[in-house]
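The numbers here are math on the coordinates, done by the rules we state, and not lab data. This one's a predicted model, so the numbers in the text were calculated from it and none came from an experiment. Here Cβ is always computed from backbone atoms with ideal geometry, including for glycine, and neighbour counts include all displayed protein chains.
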Amino acid sequence: MTQTSQVEDLTSAGLEHRIAEQSAPLTNGSSKTNETNGVHTNGIAKHQPGDLDASQLKVTLADPNARQVPDEAAACASFETVCTDHMITVSWSAASGWAAPELKPYGPLSLMPTASVLHYATECFEGLKAFRGFDGKLRLFRPNLNAKRMLMSTLRISLPGFQTAELEKLITKLVAVDGAKWLPKSRPGSFLYIRPSVIGTQAALGVQAPKEALLFITLSFMPRMDSPPGGMRLHTNPEDMVRAWVGGFGYAKVGANYGPSLLATNEAKARGFQQILWLYGSEGYCTEAGASNFFMLWRAKDSEGGKLQLVTAPLDDRLILDGVTRRSVVELAKVRLAGELDVVERKYTIDEVLEASKEGRIVEAFAAGTAYFICPISLIHHRGVDVQIPMGKTGESGNYTAKIKGWMKDIMYGNEQHEWGVVVNDE
Ligand SMILES: *Cc1c(COP(=O)(O)O)cnc(C)c1O
């Protein structure tokens, strides 16, 4: 091995390579694929023992009459997250790889107190929704992106990789099994929240990559958070605190990013704000709003052409999470609002926001993520200054925010047939 390749293996380039390998389809019909023995171009055999393999799923169904489906309001008001009848679990060990996945009644996990996850935060997760369309169909929204991101997060904390297509199949199966009862056709326009996670379970103290892990998927109620009365109010982070840093892991959905953010968030809540607007560095770069991506719509200065711009933080320094919602907003706006505004992914500071506010150039702002969906922002509080953000004629949302949200909603709930809305057949 040359010196250069050793250096590369220790950097994120090594990770990138593994992600590309495992999120490629197993049989891609390319000329290099040997169809007779299923060997993929990059040498990964189809369904080798130890691969994550959804076709091996063992199913143990719950008694369908044991639990009643609560109404949405009651379920969302509960102290505990209300999960559906079933969950999926898959255990992994370094010795034998992924075991056969199991779909079984929802219930507690069993872990030793010395399990890796409980000490060293070897945990990552995903969040996506299952939607009951107005056409009666069940849909996921771009689940391939969640599966790919989960692989990236998993590898970032030295948990085992997997073929992302297999994770997608497992997610689809859980939704197909519990969809008819828990997201019935009588509730069009509602959703359930899907939470896949991977944790290090090896019962061994000592800071090391776990040799045992567990992947599990739950399906649950989640409150609608996309339209708080009067809009979402953001408070910038305390001066001596950041959410993520260059060279860190803010771009990965690892549990270690979230627990430490609660201190500032709780304080902001006590002051009447919903989320922290996380700034970065002495420059005060705007990054994310809580665990959502953050968008500003403003007019550029006259000296810079005065054009309408939809601005959001870039992905290239890996400070922020590459949100599926963020990406979809960027892609839709670039195509559908092409004549009206420019989509700009760049670093921008809170001082630019303050200046735009002073000059009356702020048009709208919103948070974007699976949980908050597209949530209008009405106020940003920064170091004693309130930046008021227009909320449209209705006082509920600016026009562009509403328009983009409407397009997304139409795709999610089947009012518009679109490749991002992936139909799941109820079982
Ligand atoms: C999950 C998450 C988002 C939103 O990502 P989506 O894929 O749109 O749900 C944004 N920022 C952070 C920090 C997150 O954890």
As an exercise, use a Förster radius of 51 Å and the Cβ-Cβ distance of residue 77 and residue 46 to find the FRET efficiency, rounded to the nearest 0.05.
0.65
Would you work out which of 222, 147, 13 lies farthest towards the positive end of the dipole of the chain, given +1 charges on the beta-carbon of Lys and Arg and -1 on that of Asp and Glu, about the Cα centre?
222
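Nearest 500 deg cm²/dmol is fine: what mean residue ellipticity at 222 nm does the chain get from its DSSP H runs of n ≥ 4 alone, each adding -39,500 (n - 2.57), divided by its residue count?
Calculated mean residue ellipticity at 222 nm is -7500 deg cm²/dmol.
Placing unit charges on C-beta atoms (Lys and Arg positive, Asp and Glu negative, everything else neutral), compute the dipole magnitude of segment 47-220 about its Cα centre in debye, rounded to 20. It would help to have the intermediate numbers written out before the result.
Working: 18 positive and 15 negative charges, 93 e Å.
Using only the charged Cβ atoms, the result is roughly 440 debye.
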Give me, ordered by chain and number, the residues 5 or more places off residue 224 or on other chains with an amide H under 5 Å from its own placed amide H.
none
Counted charge near residue 283, where neighbours are those whose Cβ lies closer than 11 Å (Asp, Glu -1; Lys, Arg +1)
-1
In whole Hz, the Karplus estimates of ³J(HN,Hα) for segment 71-76 (6.51, -1.76, 1.60; θ = phi - 60°; x where Gly or Pro) are 6, 4, 4, 5, 4, 6
For a protection proxy built on the mean count of beta-carbon atoms within 10 angstrom, sort 148-158, 73-83, 253-263 highest first, please.
148-158, 253-263, 73-83
Pick from 299, 67, 18: which residue has the top mean-square fluctuation in a GNM of the chain where Cα pairs under 10 Å get a spring?
67
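What is the gain in length, in nm to one decimal, between residue 301 and residue 109 on full extension, counting 0.36 nm per residue of separation less the C-alpha to C-alpha distance? Each step should come with its number before you reach the end.
Working: separation 192, 0.36 × 192 = 69.12 nm, distance 5.55 nm.
Working it through step by step, the gained length comes to 63.6 nm.
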Cα to Cα, under 16 Å, and not fewer than 8 places away if on the same chain: which lysines meet these conditions relative to residue 301?
358
If one takes the longest principal axis of the Cα atoms in the chain, at what angle in degrees, from 0 to 90 and to the nearest 10, does the Cα axis of helix 324-336 lie?
60
Can you compute the modelled spin-label distance between residue 245 and residue 386, with each label point 7 Å from Cα toward Cβ, in nm?
3.5
Would you kindly derive the ³J(HN,Hα) couplings of segment 52-59 from the backbone phi angles with the Karplus curve 6.51 cos²θ - 1.76 cosθ + 1.60 (θ = phi - 60°), listing them in order in whole Hz, with x for Gly and Pro?
5, 9, 5, 6, 8, 3, 9, 10
Could you list, in their original order, any pairs among 181/269; 347/393; 181/409; 173/347; 211/409 whose Cα atoms are separated by more than 32 Å?
181/269; 173/347; 211/409
